[in-house]
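Written below as C-alpha cells is the structure these notes are about.
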Amino acid sequence: MTAGEFGKRIVGMQETLYRVCYSMLPQACDREDAVQECIRIAWQKIGSLRDERHLQTWVIRILIHECYAVSGRRKREYLTDVFPERIAPPDADAGLHDALMALPASLRLPVTLHYLEGYPLSDVARMLRLPIGTVKSRLSRARKLLKASMQGEEMISV
C-alpha cells in the first residue's frame with residue numbers, strides 16, 4: 001500500500017475514529033492524541049497487515065488499544081479540575097446521548113461500533129478481541145439499560 005492510498009483511506013475513516021474515541025475518552029485532547037498515535041502506529045506497522053481489505057478493522061483495533069493506554073496514563077494523574085461533561089452534538093437526541101454516555105465503557109464501545117458505525121457483530125468481536133457471544137450479550141445488556149434510562153427508570157446494572 002502506498003502512502004497516498006493509506007492517507008486517503010485514513011482520511012475516509014477519520015469520523016469513525018473520532019466517534020470510537022468519543023465513546024472511550026472524555027477529554028477532546030486525549031481523543032486527538034489517541035487518533036494521532038493510532039495513525040502513526042498503523043503507518044509504522046503497515047507491513048504487518050495481512051489483507052488490505054481489513055485495514056479499517058485493523059486501524060480501529062489499534063485505536064482501541066491506544067485509547068486504553070491513554071486512559072491508563074490518565075488514571076495515574078492527579079486531577080485538579082473535574083472533566084467537562086460531554087455535550088451531545090447538535091443533531092443528536094440529548095437524552096439518548098446522555099444515556100449512552102452513562103453506560104459502562106464495556107457496554108458503550110460495542111454499541112458504538114455496531115449501532116452507530118454499522119460494523120457486523122463478527123467485526124466488532126474481532127476489534128474487541130471477544131467471543132461473538134460476549135459481544136451479543138453486552139449489546140443486549142446495553143439495550144436493556146438504555147431502554148430503562150429512556151423510560152425514566154433508574155439505571156441499574158444488568
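The values are calculated or read from the model by the stated rules, or taken from the named source; none is laboratory data. Note that the structure is predicted; figures quoted are calculated from it, not measured. Here the Cβ positions follow ideal geometry from the backbone for every residue, glycine too, while neighbour counts run over all protein chains shown.
Details
- The residues in the range 20-45 that are part of a helix (DSSP H, G or I) and surrounded by fewer than 16 Cβ atoms within 10 Å (Cβ to Cβ) can be counted, and the count is 8.
- Condition met for ARG74 (modelled with pLDDT under 85 and out of contact with any Pro (no Cβ under 6 Å at 6 or more places or on another chain)): yes
- Filter result for ARG50 (without any contact (Cβ under 8 Å) to a residue 24 or more places away in the chain and assigned to a loop (DSSP other than H, G, I, E, B)): yes
Per-residue answers, yes or no, for (1) within 13 Å of the chain's Cα centre (by Cα); (2) more than 27 Å from ARG143 (Cα to Cα); (3) at pLDDT 80 or above:
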residue	(1), (2), (3)
HIS54	no, yes, yes
VAL59	yes, no, yes
LEU63	yes, no, yes
ALA94	no, no, no
ALA99	no, no, yes
